[in-house]
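To start, the structure itself, in structure tokens.
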Amino acid sequence: MDVDSTEIMIYLVENELPVYGTIVPNAGLTAPMTLIGNLALGNAEFLAMGVLMQMVRPGAPLIYAALSTVADLRSGSYTPGGIETGLMLMAHSQMAQFYNVPSGGYIGLTNSHLNDAQSGYETGMNTTGALLAGADMLNMGGLLDSLMAFDYGKAVIDNEIALMLKRMNNFPKVDDDSMALDTILEVGPGGSFMEAAHTFKNMRQIGLLTRVANRDMRSVWELEGYPDANKQAMVETKTILENDNPAVFSADLDAKIRARFKDLVAGDAHSIR
């Protein structure tokens, strides 16, 4: 086990702080060049980490976090955006369910250097697979270039992807209101549901009201200057950054954090977010 990371983990466990130790086998380089072999080695690494944590502090909570990848051996490139990364996290999530611990990982990453179509489909496909397999946490916001760069526009788009995933994960319950049989009878054959009180009641909750995805008619889109997803995301970014941030800690709380964790909190005073 890596010395520096292990020492940090031990410190965190001793001080009863959250630990998100991530296992990162890379098939073809640091793990066997099969998905199952990669899973077997990664699972063994998780168990080793879990045993060490329990030796340090019995009962310490565990999170099964993974970033298992398959190397592109045409060049030896690291490929966290590959679809195999999603497949591996799906498998690790199932192992986490077997051990009855929460799971997650660095999923929704991309090898793209730009906030482009590749970035979107790599992030979207892998996070959807992980969600449907039962992953609890997805570390995806704003990362480009195999985790080497952060992009504000991608962070906004990733937020919209996350809202879609959240919507997918909360399938509606079936009851009299959701069945809407009375409303169907009221509107009748050939009628419009747009004016129904039931529609007005549910219009803000049932359909996700996107801020990046463009749903206007083409003529409207053309009049607005042909904005693409990245351009719209940067408009949203500017709006967020120009307004006050309610997530900034108060001066009193900032001082308490710095006093409790001396030399561990970076940045100027009152800038923690």
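The values are calculated or read from the model by the stated rules, or taken from the named source; none is laboratory data. Bear in mind that the values here come from a model prediction, so they are computed numbers and not experimental data. Every residue, glycine as well, gets a Cβ built from its backbone with ideal geometry; the counts of neighbours run over all protein chains shown.
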Study note, to complete from the structure: By residue number, the members of region 176-204 that are surrounded by fewer than 10 Cβ atoms within 10 Å (Cβ to Cβ) and either small (Gly, Ala, Ser) or within 31 Å of the chain's Cα centre (by Cα) (or both) are Gly188, Gly190, Ser192, Ala197, Arg204
**Study point:** Filter result (over 17 Å from Gly21 (Cα atoms), of a type in the set (A, V, I, L, M) and out of contact with any strand residue (DSSP E or B) (no Cβ under 9 Å at 6 or more places or on another chain)) within region 58-82
**Key:** Leu73
Exercise for review: List every residue pair whose Cβ atoms lie under 9 Å apart, where the two residues are 6 or more positions apart in sequence or sit on different chains, the first residue falls within region 121-138 and is over 9 Å from Ser93 (Cβ atoms), and the second residue, located anywhere, is of a type in the set (Asp, Glu).
Suggested key: Thr123/Asp158; Thr127/Asp158
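Can you tell which of Ala27, Ala91 is more than 18 Å from the chain's Cα centre (by Cα) and modelled with pLDDT of 95 or more? Quick ask: steps written out before the conclusion?
Details: Ala91 fails: more than 18 Å from the chain's Cα centre (by Cα).
Checking each option against the conditions leaves just Ala27.
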Check your understanding: Just checking, how many residues over region 210-222 are of a type outside the set (D, E, K, R) and loosely packed, with under 10 Cβ neighbours inside 10 Å?
Key -> 2
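Determine, yes or no, whether Ala213 is in contact (Cβ under 8 Å) with a residue 12 or more places away in the chain, part of a loop (DSSP other than H, G, I, E, B) and farther than 30 Å from Gln118 by Cα.
On the way: in contact (Cβ under 8 Å) with a residue 12 or more places away in the chain: yes; part of a loop (DSSP other than H, G, I, E, B): yes; farther than 30 Å from Gln118 by Cα: no.
In short, no.
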Practice item. Could you grab me the full set of residues in region 1-17 that are among the β-branched types (Val, Ile, Thr) and surrounded by 13 or more Cβ atoms within 10 Å (Cβ to Cβ)? Key: Thr6, Ile8, Ile10, Val13
